[in-house]
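To start, the structure itself, in structure tokens.
The values are calculated or read from the model by the stated rules, or taken from the named source; none is laboratory data. Quick caveat: nothing in here was measured; it's all calculated off a predicted structure. Because the Cβ atoms are built from the backbone with ideal geometry, glycine has one as well, and the counts that use them run over all protein chains shown. Accessible surface is based on the protein model in full, side chains and every heavy atom, while ligands, DNA and RNA are left aside. Shrake-Rupley method; radii C 1.70, N 1.55, O 1.52, S 1.80 Å.
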Amino acid sequence: MDTYPENYGVGKRIRSFRKEKGLTQVELGALIGVGHKQIWSYEHDRLLPQIDTCILMCNIFDCSMDYLIFGRIPNDSYDKGYKIGYSDCQEKVKNALHDLLI
């Protein structure tokens, strides 16, 4: 995890998406496999999430990596439903949600 300038903005987007989805920091942390203190660090621009963590968040938040990290809004030629992911990402999110609800 790398540190980066406070004005980067990814933390604000993570917090906004988390709240929009109605998740607490604890719940989001459980979904992506990190503690709530880590989520706090992301949201306050103390740490930049690792790529696999960003992929999980993009799938949970239903946004592109470009938007989560850089705040770039897709243009008309860009498939707005596109999500960067890997084969078992959806399964990990589903299992984490299941574990939270049990």
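What the table shows:
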item: Order of exposure, largest accessible area first, which applies to PHE17, PHE61 with probe 1.4 Å; result: PHE17, PHE61
item: Listed peptides 52-59, 30-37 by packing density, highest first (mean Cβ within 10 Å); result: 52-59, 30-37
item: Cα-based Rg and Dmax for the range 11-57, where Dmax is the largest Cα-Cα distance (Å); result: 9.2, 23
item: Backbone HN-Hα couplings from phi across the range 41-53 [Karplus 6.51/-1.76/1.60, Hz, Gly and Pro as x]; result: 5, 5, 5, 9, 6, 8, 9, 9, x, 5, 4, 5, 5
item: Total formal charge among the other residues, if their Cβ is under 14 angstrom from that of GLY22, Lys/Arg +1 and Asp/Glu -1; result: +1
item: Environment charge at GLY71 (Cβ cut-off 10 Å; Lys +1, Arg +1, Asp -1, Glu -1); result: +2
